[in-house]
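Here the structure comes first, spelled out in structure tokens, and everything after it is commentary.
The values are calculated or read from the model by the stated rules, or taken from the named source; none is laboratory data. Predicted, not measured: the structure shown is a model, and the values here were computed from it. Neighbour counts run over all protein chains shown; Cβ positions are idealised from the backbone, glycine included.
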Amino acid sequence: MKFGVVVFPGTWSDRDCGRVVTEVLGAELEYLWHQEKDLKDCDCIILPGGFSYGDHLRCGAIARFSPVMDSVVRFAAHGGLVWGICNGFQVLCETGLLPGALIRNDVCEFRCQWTHLVVERDDILFTSTLRRGEVIKIPISHGEGNYFADAATLSRLEQNNQVVFRYAQPDGHVVPAANPNGSIHNIAGIVNREGNVLGMMPHPERCAEPELGGTDGLRLFKSVLEAFAELVV
């Protein structure tokens, strides 16, 4: 399997994601510059965290118009795997590949901390090694990670079972106190209806090695690798 990590001006988690793919997972990797249109036969495209284009206008607003994103949108439309992490999630919402928006944290401060997530979906490639109801520990690092959607959009998300992760207590209870940024319904990650485009604010690439304090993030990378391998056998 071949992963592609998109690099925008201002991206800073590209090398973190790349390290997990190559050094920890042992998979093939291509870095994709924002001005390129060729996705180089990648099987999963990762839009990593950072401050693409300096967050001018709003997070992800300019990155949405990068030449590479035209290719990513077409790739997703044909069932290709697309994974947006933090700023990548913001870009996916700006492109319309995922609904809703990420706005400023309700506490009006940058939050960099560990969070607990309860897994809502275990039937998509991104979570194939996880179990529904399981709690995983993944860090966040953002100032605008407050997921928002209007009532109609939120209703569709819930009815279509598109919420993948929610901020929760260590015991799995979804309560306001476990919400670090004000995200509606404690949403930490969602997927499109087809299940091939995932957006999440927490950073799995930051907890893929024991030295970093946890390895739950690696399980997401392994999920993609192992589930994809089963598809192509």
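Table for the structure above
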item	result
Unique match (being β-branched (V, I, T), surrounded by fewer than 20 Cβ atoms within 10 Å (Cβ to Cβ) and modelled with pLDDT of 95 or more) among V68, V72, V20, V24	V24
Checking G195 against (1) touching a helix residue (DSSP H, G or I) at 6+ places or on another chain (Cβ under 8 Å); (2) not in a loop (DSSP other than H, G, I, E, B), the condition it does not meet	(2)
Pairs, first farther than 30 Å from A76 by Cα and in a strand (DSSP E or B) in region 98-116, second of a type in the set (A, V, I, L, M) and at pLDDT 95 or above, C-beta under 6 Å, six or more apart	R111/I140
Boolean, I46 is surrounded by 15 or more Cβ atoms within 10 Å (Cβ to Cβ) and free of Cβ contacts under 8 Å to residues at least 12 places away in the same chain	no
Selection count where residues are buried (at least 17 other Cβ atoms within 10 Å of the Cβ) and not charged (D, E, K, R), scope region 8-17	4
Residue ID - nearest to E158 (Cα to Cα), chosen from residues in region 85-115 that are surrounded by 23 or more Cβ atoms within 10 Å (Cβ to Cβ) and among the polar types (S, T, N, Q)	Q90
Condition broken by E211, with the remaining ones in (1) within 17 Å of the chain's Cα centre (by Cα); (2) acidic (D, E); (3) in a helix (DSSP H, G or I) satisfied	(1)
Contacts under 9 angstrom Cβ, first residue in region 142-156 being over 11 Å from I103 (Cβ atoms), partner loosely packed, with under 13 Cβ neighbours inside 10 Å and of a type in the set (D, E, K, R), 6 or more apart	R156/R193
Among (1) in contact with an Asp or Glu (Cβ under 9 Å, 6 or more places away or on another chain); (2) in a loop (DSSP other than H, G, I, E, B), the one test that F221 misses	(2)
Number of the condition not met by D38 [criteria: (1) without any contact (Cβ under 8 Å) to a residue 40 or more places away in the chain; (2) surrounded by 17 or more Cβ atoms within 10 Å (Cβ to Cβ)]	(2)
Residue satisfying all of: in region 208-225; in contact with a Lys or Arg (Cβ under 7 Å, 6 or more places away or on another chain) and crowded, with 16+ Cβ neighbours inside 10 Å; farthest from E120 (Cα to Cα) among these	G214
Index of the failed condition, F228 passing every other in (1) crowded, with 21+ Cβ neighbours inside 10 Å; (2) assigned to a helix (DSSP H, G or I); (3) not basic (K, R)	(1)
Among (1) of a type in the set (D, E); (2) more than 18 Å from L81 (Cβ to Cβ); (3) touching a residue at least 12 places away in the same chain (Cβ under 8 Å), the one test that E226 misses	(2)
Unique match (being without any contact (Cβ under 8 Å) to a residue 60 or more places away in the chain, closer than 16 Å to G189 by Cβ and assigned to a loop (DSSP other than H, G, I, E, B)) among G26, G60	G60
